[in-house]
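Worksheet for the structure shown next.
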Amino acid sequence: MRRTVRDTSAALERSPVLTALSVTTIAFSLFAFGLFGLVALNIRNALQQVEERVEIRAFVADGTDAESIAAAAGDISAFPEVQSVDIVSKDQALARARKELKEFSDVFEAGVLPASIDVRLKPGFRDPTTVDRVAERLRSYPFIDDVRYGQDWLVQLYRLRNIAGVAGLALGLAFAAVSVIIIGATIRMAVLARAEEISIMRLVGATDGYIRRPFLLEGFLKGVGGGLLALLLTWASMRLVDQYLNFHTVFFSASLAALGVAAGAFIGVVGSAAAVGRHLRGL
Amino acid sequence: MSAADVSGVIRFDRVTKEYPRSGTALQEVSFRVAKGEFVFLTGPSGAGKSTILRMIYFEERPTSGLVRVSGVNSEHASKREVSKLRRRLGIVFQDFRLLEDRTAEANVAFALEVTATPRAQIGPKVSRVLTQVGLASKATAYSNELSGGEQQRVAIARALVNDPFVLIADEPTGNLDERATRGVFQLLREINASGTAIVMATHDLDLVRHADFRTIELNRGQIVYDSAEPRAEGA
């Protein structure tokens with residue numbers, strides 16, 4: 001291992017320009033992928049925030065006694081899809097309407113708005129079909145006058161989410177493929193730059209494993225270096241966008257950032273193994 | 001000669017090599033090289049000299065027939081066995097094949113470093129062989145600071161540093177002027193005199209005529225003359 005480390009550091013020192021070029025190319029390939037990932041992450045977050053606002057409102061008929069409403073609320077909260085249930089009295093409904101629609105606050109009079117049972121669903125149960133199913137169950141209570149949840153709006157939201165998901169996956173795969181191809185070509189270039197050295201190594205009796213090991217370590221280090229640089233560039237870009245366009249962008253979590261760097265290292269190692277293997281087979 | 005000498009450190013038994021595109025490179029070639037022997041391979045370009053040399057260090061394998069080098073045979077040799085064998089062979093080329101970004105001593109040390117020789121042994125071994133080839137004073141020179149003859153001496157030093165039992169030389173004087181040729185050939189003679197077998201491919205018939213060594217002449221992939229074998233009747 002010590003010999004591999006020594007050979008690798010000697011190889012990197014001998015060709016600093018090529019090393020810098022490799023790391024920069026890997027960094028920019030991953031940077032492009034990182035920017036895409038950041039956009040995808042923020043779109044997903046935005047949609048998730050909208051999705052969290054999905055709420056079913058079941059309006060209670062006037063004159064229904066509080067015990068029946070409380071019993072129904074307890075019953076509803078036991079549904080497996082339900083996250084929370086709030087009972088909103090007529091007074092609370094009025095206060096909410098006046099607060100949300102300030103310009104029409106004079107229009108609302110006491111007793112105009114009905115009481116309601118507001119139901120929020122758990123993540124994973126906010127799709128139109130599930131929401132519709134829960135709404136139907138709420139309608140089955142005899143004292144429920146009407147159930148509303150913005151059906152049209154919810155269908156549009158889910159269509160947008162699906163389009164974003166498929167487009168994101170396709171674009172993500174395309175970006176990843178381009179990154180792998182560029183990184184592979186960069187590593188192949190580094191291997192070819194040392195073709196003479198590799199051929200002499202074989203002639204004097206170095207095993208393929210011995211020849212391969214420093215290249216693998218080199219690929220790993222370049223991948224990690226490129227990954228860290230890409231992360232830094234992505235972060236700096238995010239800061240610029242936030243500063244000049246007044247956005248509040250969400251950055252990758254620590255584990256996602258670590259995964260990105262690990263992906264760089266993985267591509268570096270696999271790319272090196274493929275490039276050296278191909279070269280050794282061709283000798 | 002001992003029994004081992006007679007059986008040969010290198011044996012070619014009815015070796016044929018065919019390439020899919022260029023056709024037959026060697027046809028039913030058989031010969032043996034004894035321990036400490038000096039053998040010239042001669043013949044026109046494309047006669048098969050380099051193919052024979054590449055087979056000795058297992059860069060090529062026969063299409064049919066068998067090559068044996070110091071107990072390693074072409075039918076069963078694994079990659080690892082080939083690597084181990086090459087550590088006991090010395091190989092020299094017409095174009096020297098030195099690493100230009102390294103000094104003479106670094107080029108020689110390279111052959112030891114990649115074969116996991118302990119670091120403490122590398123320095124003394126490199127000094128010994130550079131002295132042997134007459135380049136002790138140019139140990140720190142880069143290859144582009146050396147003449148062709150000197151570069152070939154560095155290549156020979158690199159080939160010698162693992163104490164090979166055979167030195168394979170493919171046109172080692174092909175790029176050298178007459179004076180450098182004489183110098184390099186004299187060095188090869190000295191190496192041979194110390195017990196290392198040498199198989200040398202060459203076009204330089206003057207060199208062959210003036211040296212009293214075994215000569216194998218090839219033409220179109222076949223041995224047409226071997227000075228160690230009696231000439232056929234009417235040949």
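Read-outs: derived from the displayed coordinates by stated rules, not from any lab. Just so it is clear, the model here is predicted, and its values are computed rather than measured. When we count neighbours, we look across all protein chains shown, and the Cβ atoms used for this are built from the backbone with ideal geometry, even at glycine.
Simple rule: put +1 on each Lys or Arg Cβ and -1 on each Asp or Glu Cβ in the stretch B:18-105, find the dipole, and look at B:24, B:45, B:55; the Cα lying farthest toward the positive end is B:55. Comparing B:56, B:156, B:122 in a Gaussian network model of chain B where C-alpha atoms under 10 Å apart are linked, the largest mean-square fluctuation is found at B:122. A dipole drawn for chain A from +1 and -1 charges on Cβ atoms has a positive end, and of A:1, A:251, A:46 the residue lying farthest that way is A:1.
Compactness of chain A is given as radius of gyration and Dmax, 29.8, 97 Å, from Cα positions.
Relative to the globular-protein estimate of 2.2 N^0.38 Å, the Cα radius of gyration of the stretch A:136-283 stands at 1.72.
Site pair residue B:18 and residue A:98 shows an inter-label distance of 10.2 nm when each label is modelled 7 Å from Cα along Cα→Cβ.
Between residue A:91 and residue A:140, the C-beta separation translates, for a Förster distance of 22 Å, into a calculated FRET efficiency of about 0.25.
Here r is the Cβ-Cβ distance between residue B:59 and residue A:251 and R0 is 45 Å; the resulting FRET efficiency, rounded to 0.05, is 0.25.
Suppose every K and R has +1 on its Cβ and every D and E has -1 on its Cβ; what is the size of the dipole of the stretch B:1-85 about the Cα centre, in Debye to the nearest 20? Before the final figure, lay out the partial values.
Working: 13 positive and 9 negative charges, 40 e Å.
It comes to approximately 200 debye.
Using the rule -39500 (n - 2.57) for each DSSP H run of four or more residues, divided by the residues of chain B, the 222 nm mean residue ellipticity is -10000 deg cm²/dmol.
Across the alpha-carbon set of the stretch B:82-121, the Rg to Rh ratio works out to 0.98, Rh being the Kirkwood radius.
Between B:182, B:153, B:32, the residue with the greatest mean-square fluctuation in the GNM of chain B (Cα pairs under 10 Å linked by springs) is B:182.
Could you give the alpha-carbon Rg of chain B over 2.2 N^0.38 Å, rounded to two decimals?
Details: Rg = 17.7 Å, N = 235, 2.2 N^0.38 = 17.5 Å.
Dividing the Cα Rg of chain B by 2.2 N^0.38 Å gives 1.01.
Placing dummy labels 7 Å off each Cα toward the beta-carbon, the span from residue A:83 to residue B:144 is 6.8 nm.
The simple Förster model, with R0 at 22 Å and r as the Cβ-Cβ distance, assigns residue A:112 and residue A:55 a FRET efficiency of 0.60.
If you place +1 on the Cβ of every Lys and Arg, -1 on the Cβ of every Asp and Glu, and leave all else neutral, what size is the dipole of the stretch A:1-145 about its Cα centre, to the nearest 20 Debye?
On the way: 18 positive and 21 negative charges, 264 e Å.
The dipole of the stretch A:1-145 has a size of about 1260 debye.
The calculated pair-distance distribution of the protein assembly as shown uses every alpha carbon pair, bins of 10 angstrom beginning at 0, and gives 3, 14, 17, 14, 11, 9, 7, 7, 6, 6, 4, 1, 0, 0 percent. Can you tell me which of B:84, B:17, B:138 moves the most in a GNM of chain B? Springs connect C-alpha atoms under 10 Å apart. Residue with maximal mean-square fluctuation among B:84, B:17, B:138: B:84. When only alpha carbons of the stretch A:55-148 are considered, Rg and Dmax amount to 13.8, 40 Å.
Dipole of the stretch B:89-163 computed with +1 at Lys/Arg Cβ and -1 at Asp/Glu Cβ about the Cα centre; of B:116, B:141, B:104, farthest Cα towards the positive end is B:116. Legend: helices of chain A (whole DSSP H runs) are marked when their alpha-carbon atoms reach 20 angstrom or more along the helix axis and their mean Kyte-Doolittle hydropathy is at least -1.0; marked are A:16-52, A:151-193, A:208-245, A:254-282.
Basic side chains Lys and Arg get +1 at the Cβ, acidic Asp and Glu get -1 at the Cβ, and with that the dipole of chain A about its Cα centre reaches some 2100 debye.
May I ask which of B:79/B:125; B:84/B:125; A:222/B:138; B:84/B:138; B:79/B:138 have a Cα-Cα span longer than 25 Å here? The partial results should precede the final answer.
Working: B:79/B:125 27 Å; B:84/B:125 19 Å; A:222/B:138 36 Å; B:84/B:138 30 Å; B:79/B:138 35 Å.
Going by Cα-Cα distance, B:79/B:125; A:222/B:138; B:84/B:138; B:79/B:138 fall outside the 25 Å limit.
Helical runs assigned H by DSSP (4 residues or longer) give chain A a calculated mean residue ellipticity at 222 nm of -25000 deg cm²/dmol, each run adding -39500 (n - 2.57) before division by the residue total. Divided by 2.2 N^0.38 Å, where N counts the residues, the Cα radius of gyration of the stretch B:89-163 comes to 0.96. Extension gain, residue A:3-residue A:241: 0.36 nm per intervening residue step, less the Cα-Cα distance, totals 81.1 nm.
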